[in-house]
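Below you'll find the structure, written out as structure tokens, and then a few comments.
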Amino acid sequence: MSSEPYSETIPVPSSVPFPVELEPPEGFRPEEPASWPRIDGRLAWVGGRLLYMPPCGWMQQGVSVSVVTVLGQWQEERPDFFVGGNEAGMILGADGRGPEGAVWRRDAVFPQTGGYMGVPPILAVEVGGREEGEPELRAKARWYLAHGVAVVWLVLPKTRDVLVVTAGGETRHAVGDRLPPHPALPGLEPAVERFFRQLPPAS
């Protein structure tokens, strides 16, 4: 059962910058899911700090579902791969993160004995939101690449484009484009508009 170290919460002004650092609860072990606090919002363990973000807003939620749909439909015909979503938990080095979507080779992660993934995915996908715009997601992309992830997609609902980041550089793709294929992910080159299909027409 998850720990519950926070007996009370307080409202904060909307101008407070996120993520906010929390004090880890007694007995907290990043590699053990049951030791993470139960709290409304998103948590990450980075650089020895427990970081909190509020729950996703409606736009980020809708785009995140589309990300996982794209990856899941691609995987249906490729059983050699495993797709994670719903804050795909992973511990890489001493840090723990949960992107909106991720793809591993199945033989790299199974048999999985529980807990978080301990090997880097080929692809990690992060979706922008109110508290995390392009600069914050670029910092995350650098972290993923430094921990062995081959390619990162930064899906940006505000501008309705996708930044593809690899160790070799980055490219930006707008509605009407397709994302470039990666040799380790055959056939995964979705149309950019698929990520934003649940959003109202751009004004």
Just name the residue that is surrounded by the fewest Cβ atoms within 10 Å (Cβ to Cβ) out of those in segment 3-22 that are at pLDDT 65 or above and not in a loop (DSSP other than H, G, I, E, B). 21
Give the residue that is surrounded by the fewest Cβ atoms within 10 Å (Cβ to Cβ), with candidates limited to residues of segment 103-118 that are assigned to a strand (DSSP E or B) and in contact (Cβ under 8 Å) with a residue 24 or more places away in the chain. 105
Step by step: first the residues of segment 129-142, then only those that are out of contact with any helix residue (DSSP H, G or I) (no Cβ under 6 Å at 6 or more places or on another chain) and of a type outside the set (D, E, K, R), then the one that is surrounded by the most Cβ atoms within 10 Å (Cβ to Cβ). Which residue is that? 141
Qualifying residues in segment 119-131 (those that are without any contact (Cβ under 8 Å) to a residue 40 or more places away in the chain and assigned to a loop (DSSP other than H, G, I, E, B)) - the one farthest from the chain's Cα centre (by Cα): 119
Under 7 Å between Cβ atoms, at least 6 apart or on separate chains: pull out the pairs that start in segment 132-153 with a residue that is without any contact (Cβ under 8 Å) to a residue 40 or more places away in the chain and under 23 Å from residue 189 (Cβ atoms) and end on any residue that is of a type in the set (Ser, Thr, Tyr) and open to solvent by less than 40 Å² (accessible area, probe 1.4 Å). 152/144
Restricting segment 50-64 to residues that are surrounded by 13 or more Cβ atoms within 10 Å (Cβ to Cβ) and either among the hydrophobic types (A, V, I, L, M, F, W, C) or assigned to a strand (DSSP E or B) (or both), the one modelled with the highest pLDDT turns out to be 63
For segment 158-175, the count of residues that are within 22 Å of residue 60 (Cα to Cα), in contact with a helix residue (DSSP H, G or I) (Cβ under 7 Å, 6 or more places away or on another chain) and either part of a loop (DSSP other than H, G, I, E, B) or open to solvent by 50 Å² or more (accessible area, probe 1.4 Å) (or both) equals 2
State yes or no: is residue 25 modelled with pLDDT under 85, part of a loop (DSSP other than H, G, I, E, B) and either surrounded by fewer than 17 Cβ atoms within 10 Å (Cβ to Cβ) or not polar (S, T, N, Q) (or both)? yes
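The values are calculated or read from the model by the stated rules, or taken from the named source; none is laboratory data. Just so it is clear, the model here is predicted, and its values are computed rather than measured. Virtual Cβ from ideal backbone geometry, glycine too; neighbours counted across all protein chains shown. Accessible surface areas use protein heavy atoms only, side chains included; no ligands, DNA or RNA. Shrake-Rupley method; radii C 1.70, N 1.55, O 1.52, S 1.80 Å.
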